[in-house]
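**Q** Have a look at this one before I ask anything.
The values are calculated or read from the model by the stated rules, or taken from the named source; none is laboratory data. This one's a predicted model, so the numbers in the text were calculated from it and none came from an experiment. Note that each Cβ is placed from the backbone with ideal geometry, even for glycine, and that neighbours are counted across all protein chains shown.
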Amino acid sequence: MSFASPVWLLALLAVPLLIALTVVRSRQRDRFAMRFPAAATLAAAAGAEAAWKRWVASALALAAIVALLFGAARPQRTVRVALQEASIMLVTDHSGSMAATDVAPTRLAAAQGAAKTFVDNLPDGVKIGVVAFSAAPDDVRPPSTDHGESRAAIARQTANGGTATGDALAAALGLLRPKAKVSTPAAIVLLSDGATTVGSDPEAVAAEAKRLHVPIYTVALGTEDATVPNPDPSGPPLPAVPDPVTMRRVAEISGARAFSAQDADHLGAIYKTLGSQLGSKAETRDVTVVPVLGGLALLLASGGLALRRRA
């Protein structure tokens, strides 16, 4: 919680002083009763409940003052609300190493399932695009509110070929920022499991994305000891080692965050987090009315008790 006018909170420092004054007045009243026993007799005749009513009325009045001071400080609460206009590009690797089974059932199948869930949970107004790539971007879908197109592009990927991460990012960036000045929020989510083997340098594309205010969130998928079958039946299995270092650099250069996933559950949790972040925005809302109404209610209750005591 934050406050638009926090200077009013300084007045809360006077509350302990008010409490001390109330205690002092009560003790003075008690000393007066001891000096003049007739006054104590009259108080007893008036009823024993007067003392606790006095304390409750004072406590309610102090609570009312505190609540009204909080209201004067104009408290604000930050909430996340669904975006109605945003564009997100999913850049998904389906190179040959995505056939590795270290992420069950395979890296590619786990990535497809998580990406589908990501798309399903985004608000309808958010535009989704897809760039699927291996040795080159080979299935490119521009951002659209037709999320079915994105799901179809994700589902038809098969694992084969090399890894052209830089070219895929450049294609995604070109679809998000065809011109240098575009105000609509935009982001790229890159999922890959290996080092770039062909094409342009992904870090150079990340620097351009930073200039255009397009963060690239990266997810490095897989474990270090994973292998895939060798195309040569007589050859040994081929290593399918992820490249989290480059993925982290791409995210950092573009001003985003990097993730690593070694199993399907972790991958799904990452996509859920990204969906929440990219599909919504933080919005500050004024909640002044809550402490003000509470303070007025406490003030009325205190006044009501005071009137009953005098009746």
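**Q** Looking at the range 185-243, which of the residues that are modelled with pLDDT under 90 and among the β-branched types (Val, Ile, Thr) is surrounded by the most Cβ atoms within 10 Å (Cβ to Cβ)?
**A** Among those that are modelled with pLDDT under 90 and among the β-branched types (Val, Ile, Thr), it is Thr196.
**Q** Moving on to the next point. Contact list please: Cβ distance under 8 Å, first residue in the range 1-26 and more than 23 Å from Arg74 (Cβ to Cβ), second residue of a type outside the set (A, V, I, L, M, F, W, C), pairs at least six apart or on different chains.
**A** If the second residue must be of a type outside the set (A, V, I, L, M, F, W, C), the pairs left are Thr22/Ser58; Ser26/Arg54.
**Q** Considering only the range 214-267, state which residues are in a loop (DSSP other than H, G, I, E, B), of a type in the set (Val, Ile, Thr) and out of contact with any Asp or Glu (no Cβ under 6 Å at 6 or more places or on another chain).
**A** Val214
Each row is one residue, and each column tells you yes or no for (1) among the β-branched types (Val, Ile, Thr); (2) outside the structural domain of Thr218 (by TED's automatic domain parsing); (3) assigned to a loop (DSSP other than H, G, I, E, B); (4) in contact with a helix residue (DSSP H, G or I) (Cβ under 7 Å, 6 or more places away or on another chain).
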{"position": "Thr92", "(1), (2), (3), (4)": "yes, no, no, yes"}
{"position": "Ala104", "(1), (2), (3), (4)": "no, no, yes, yes"}
{"position": "Val119", "(1), (2), (3), (4)": "yes, no, no, yes"}
{"position": "Thr158", "(1), (2), (3), (4)": "yes, no, yes, no"}
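**Q** Quick check: is even one residue across the range 253-274 under 25 Å from Leu176 (Cβ atoms), assigned by TED's automatic domain parsing to the domain that holds Asn121 and without any contact (Cβ under 8 Å) to a residue 40 or more places away in the chain?
**A** Yes, the conditions are met somewhere in the range 253-274.
**Q** For the subset of the range 146-156 comprising residues that are surrounded by 14 or more Cβ atoms within 10 Å (Cβ to Cβ) and either outside the structural domain of Leu108 (by TED's automatic domain parsing) or of a type outside the set (A, V, I, L, M) (or both), which member is nearest to Asn121 (Cα to Cα)?
**A** For the range 146-156, the residue satisfying everything is His147.
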